[in-house]
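The values are calculated or read from the model by the stated rules, or taken from the named source; none is laboratory data. Note that the structure is a prediction, hence the values are computed from the model and not measured. Every residue, glycine as well, gets a Cβ built from its backbone with ideal geometry; the counts of neighbours run over all protein chains shown. These area figures cover heavy atoms from the full protein model, side chains too; ligands, DNA and RNA do not enter into them. Shrake-Rupley method; radii C 1.70, N 1.55, O 1.52, S 1.80 Å.
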Amino acid sequence: SQLQEGDILFSIAGTLGRVTSVNKAILPANTNQALSIIRLKEGNLEYVKTCLKGNVVADFIRRNPTIGAQPNLSLEQVSNLEIEIPSEAEQEKIGLYFSNLDNLITLHHRKLEKLEQIKQAMLHKMFPQNGSNVPEIRFKGFTDAWEQRKLGDIASDMVAGGDIDKDLILAEGQYPVIANALTGDGIVGYYDKEYRVNAPTVTVTGRGNVGHAKARLVNFTPVVRLLSVKSEHDVFFLENAINTLKIVIESTGVPQLTVPQLAKYEVAFPRQLDEEEHIGAFFKQLDHLITLHQRKLEKLEQIKQAMLHKMFV
């Protein structure tokens, strides 16, 4: 169907209730059967869009449970969705509030994407690539060639995590218990008095999404085959050096990286510890900035969800 500026596109198949509107820049354009077109006779566009993003669809499905089993809505069902309509002035204020909030969320998304792109580019440029013994970008004053060393040779200790002790695990405590998850720093709980690994050290995921390294500054216990690499090297440098490796797991089951396998991988190291520390500090600061933007984004998303709940009947 031919679209017009200001049309609301509302998903009626798959993930129900995704909402956007048509702006002049994408016209002329058509849409497919997974989207219904809502063309307003009255009402504020931004208000109606926001209203549809709230609990309207969830409430409708709750009242019509057969929809949830096979996620799709008919055009007739969409026309039966009910929304609360306040005065034009109030619609305009609510619509503008959520429009500004969405713009702020989009802005932080873009900043976060940009920072993550910068990090990937700098990982490529600040560590030697394709058999070279020098990186493309270096801090001033460093000119010596780097040298390849096996992780097993530079490590003073490499261990794999075991099972969680269900009698000791707590929701809060002094020493984190860390598994292979990439979210929440991999922390699955705490032990109050026990820990297995002295920090500083670097953990490397050994199950699922394998080979992801993370510097650890607090004593902890690795579990579920999480690997730990302790050495005299700067932990933030080593974290990022390992993250530049192309770790290949030849397995038909769940991907698993073992200590002997990880020990064989070679990493390029500068001859001077000072250069390592400069690089480690650079990536530590960049990661801190990325984390700040992630938290801001999460906070804004939480505010939006709370306000959707509170500003609509």
Debye intensity ratio I(q)/I(0), log10, the stretch 208-313, q values 0.15, 0.19 Å⁻¹ (C-alpha model): -0.80, -1.06
Chain lengthening between Asp167 and Lys150 when straightened (0.36 nm per residue, less Cα-Cα): 2.3 nm
Cubic angstrom per residue, convex hull over Cα atoms of the chain: 214
Nearest-0.05 FRET efficiency for Ala34 and Phe282, computed from C-beta distance (R0 30 Å): 0.10
Contour excess over end-to-end distance, with Cα ends at Lys24 and Val254 and 0.36 nm allotted per residue: 78.0 nm
Computed accessible area, Thr106, all protein chains, 1.4 angstrom probe, square angstrom: 60
Phi to ³J(HN,Hα) by Karplus 6.51 cos²θ - 1.76 cosθ + 1.60 over the stretch 190-204, Hz, x for Gly, Pro: 9, 9, 7, 10, 8, 7, 10, 10, 7, 7, x, 7, 10, 9, 9
Fraction of antiparallel bridges per DSSP, the chain only, in percent to nearest 5: 90
Other-chain or far-sequence residues with amide H under 5 Å of Arg207's (modelled H): Leu257
For the chain, calculated [θ]222 nm from helices alone, where every DSSP H run of n ≥ 4 adds -39500 (n - 2.57): -12500 deg cm²/dmol
For the stretch 83-216, fraction of C-alpha pairs farther apart than 21 Å, in %: 67
FRET efficiency, 1/(1 + (r/R0)^6) with R0 35 Å, evaluated for Asp157 and Asp192 via beta carbons: 0.90
Label-point separation, Thr106 to Ala13 (7 Å along Cα→Cβ), nm: 2.7
Value of relative contact order over the chain, rounded to a whole percent, pairs C-alpha under 8 Å and six or more apart: 16
Additional length obtainable on full extension of the chain from Ser87 to Ile290, 0.36 nm per residue less Cα span: 68.9 nm
Cross-link pairs beyond the 20 Å C-alpha cut-off, checked among Lys214/Lys284; Lys150/Lys284; Lys119/Lys304; Lys114/Lys296: Lys150/Lys284; Lys119/Lys304
Crossing angle, helix 273-310 versus the chain [Cα axis fit, 0-90 degrees, rounded to tens]: 20
